[in-house]
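First comes the structure, then the notes that go with it.
The values are calculated or read from the model by the stated rules, or taken from the named source; none is laboratory data. Remember, it's a predicted structure, so these values are computed and weren't measured experimentally. Because the Cβ atoms are built from the backbone with ideal geometry, glycine has one as well, and the counts that use them run over all protein chains shown.
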Amino acid sequence: MIKKLSVIFVGMFVVCSAFGGTPGTWSVTSSMKTNRATHTATKLADGRVLVAGGDNCGNSTCNTATAEIYDPTTDTWTPTGSLNIGRIYHKAVLLPSGKVLVIGGQSNGADLSSVELYDPATGVWKQTGSTSVPRMFSTSTLLPNGKVLVAGGRTSAYPYYGAFLSAELYDPATGIWTPTGSMSVARTLHVATLLSNGKVLVAGGGGSQMDGPFLATAELYDPSTGTWTPTGSMSVARSGMFVAALLPNGQFLVVGGCNGHRCTPLTSAELYNPTTGTWAPTGSMNMAHNGWTSTVLLLNGQILIAGGATSAASGWSFFSSTEIYNPATGTWTYTGSMNIPRGFNTATLLSNGHVLVTGGANAFDNSIASTELYNPVYGSQSSVESSSSPQPPIESGCNCICSYYDNFWSGKHIESLGEIPDVDICNKLCSSAYYGKMEGCFEKALKN
């Protein structure tokens, strides 16, 4: 199927857009059917976004099992099958099959080891093998072999905030979890990413208490041996829902979080170099973002951080500000603010290059259903239709992403001479990877 879309020039390429909006600004879009915070949002293989679970009253005592799907082409939300168990603080992973795996979390104060699979073809959730221990605030990483690594996390049982050393692997072919090597130190509220060399980096996190210990250490998991080895430590210990992103150059950015008494929020950021195994400081954010801040790798390689909160003895303060990190300069700059302050929200890069932010909380005990779209500034932007000067011949097409995981990709493009090829063509080009997806369209001038 061939579909024509409106286009906007972005430097050497254009982003296909079903909706308008001034670059660098947020626009309110249709709301979800259910208020939710601490939920998950997963972009499906067809470009739609699945949100699942979360709390719908602003605290951990009312956990929804509902799920719904956002369609960017129509700007609509549609209910889909509900989870078997309502949950918060869970993890979600898009599998190579196109199904979504939801892991652990908490339900009405009870820690969960249960795991569920969502099938977009049927809209139904089915329970699959459970993890060996209940886990919340763990990390989950899709490996190149199609298995899922879950590491660390904690339980709320005694000792309170006790973190885990253990890790385990889920095999989608059997639906069974098996133990793998344990980390050198127990971690919860840490970060993890699949590096381009196929190893998994975990960094930071917390130990057993609200006031620490906070961790600066990092370690690498090798799927071929099932073992962990230490690597360079961060310059600053950080925990508490800090955010991270794998950059196109292979380096790993961590930013924010908290440490110290009552987990004081941080503005600092640093970069991990997999080649040297070392960390180096980079520019700090303008504002401390904590409280389930969302981060997105944009199509131009820059990083967007949206929303979040700061915690203090007086309680949580939520904010609407957003910032952009430019890897070329190592600096953060403010971009347009969201229309509603929020933390504990999600952010998802859509196939048209826009960013969808969903739900969250905007006050203590107040989760929300509102959603917003961010229109990034991709280089020097001007409308194709508004140009009055003669245009040179163009080559057009879409970036085709051959993906093992959302932050591990290699870009290709499809020439389409003015029309947008559908995702099936992309999948054929990506036959050696787990799945292919369209990640934005482009046009560039051809030489006369």
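Among the candidates Thr276, Thr335, Thr282, Thr329, single out the residue that is polar (S, T, N, Q), farther than 30 Å from Asn56 by Cα and in contact with an Asp or Glu (Cβ under 8 Å, 6 or more places away or on another chain). Explain how you work it out, then say what you get.
On the way: Thr276 fails: in contact with an Asp or Glu (Cβ under 8 Å, 6 or more places away or on another chain); Thr335 fails: farther than 30 Å from Asn56 by Cα; Thr329 fails: in contact with an Asp or Glu (Cβ under 8 Å, 6 or more places away or on another chain).
Exactly one of Thr276, Thr335, Thr282, Thr329 is polar (S, T, N, Q), farther than 30 Å from Asn56 by Cα and in contact with an Asp or Glu (Cβ under 8 Å, 6 or more places away or on another chain), namely Thr282.
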Scan of the stretch 64-112 for residues that are surrounded by fewer than 22 Cβ atoms within 10 Å (Cβ to Cβ), closer than 20 Å to Ala192 by Cα and of a type in the set (Gly, Ala, Ser), ordered by number: Ala92
Qualifying positions in the stretch 353-367 - surrounded by 24 or more Cβ atoms within 10 Å (Cβ to Cβ), more than 16 Å from the chain's Cα centre (by Cα) and of a type in the set (A, V, I, L, M): Ala361
Conditions (1) assigned to a strand (DSSP E or B); (2) modelled with pLDDT of 95 or more; (3) β-branched (Val, Ile, Thr); number of the one not met by Thr310: (2)
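Does at least one position in the stretch 114-136 carry a residue that is small (Gly, Ala, Ser), buried (at least 18 other Cβ atoms within 10 Å of the Cβ) and closer than 24 Å to Leu195 by Cα?
The initial filter retains those residues of the stretch 114-136 that are small (Gly, Ala, Ser), namely 114, 121, 123, 129-130, 132.
Those still in the list that are buried (at least 18 other Cβ atoms within 10 Å of the Cβ) too: 114.
Right, trim to closer than 24 Å to Leu195 by Cα and you get none.
There is no residue in the stretch 114-136 that is small (Gly, Ala, Ser), buried (at least 18 other Cβ atoms within 10 Å of the Cβ) and closer than 24 Å to Leu195 by Cα.
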Checking His289 against (1) closer than 21 Å to Val191 by Cα; (2) within 16 Å of the chain's Cα centre (by Cα); (3) crowded, with 21+ Cβ neighbours inside 10 Å; (4) modelled with pLDDT of 90 or more, the condition it does not meet: (4)
Total residues in the stretch 320-374, condition in a strand (DSSP E or B) and closer than 21 Å to Thr282 by Cβ: 11
Residue in the stretch 246-256 that is more than 22 Å from Gln302 (Cα to Cα) and either touching a residue at least 12 places away in the same chain (Cβ under 8 Å) or surrounded by fewer than 19 Cβ atoms within 10 Å (Cβ to Cβ) (or both) present: no
Qualifying residue in the stretch 340-352 (condition: surrounded by fewer than 18 Cβ atoms within 10 Å (Cβ to Cβ) and of a type in the set (Phe, Trp, Tyr)): no
Condition check for Arg187: more than 30 Å from Asn249 (Cβ to Cβ), touching a strand residue (DSSP E or B) at 6+ places or on another chain (Cβ under 9 Å) and basic (Lys, Arg): no
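Residue by residue, here is whether (1) part of a loop (DSSP other than H, G, I, E, B); (2) surrounded by 15 or more Cβ atoms within 10 Å (Cβ to Cβ); (3) at pLDDT below 90 holds:
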residue	(1), (2), (3)
Tyr160	yes, no, yes
Leu169	no, yes, no
Ala173	yes, no, no
Ala216	yes, yes, no
Ser224	yes, no, no
Arg262	yes, no, yes
Single unsatisfied condition, Ala237 versus (1) touching a Ser or Thr at 6+ places or on another chain (Cβ under 7 Å); (2) within 21 Å of Phe164 (Cβ to Cβ); (3) not in a strand (DSSP E or B): (1)
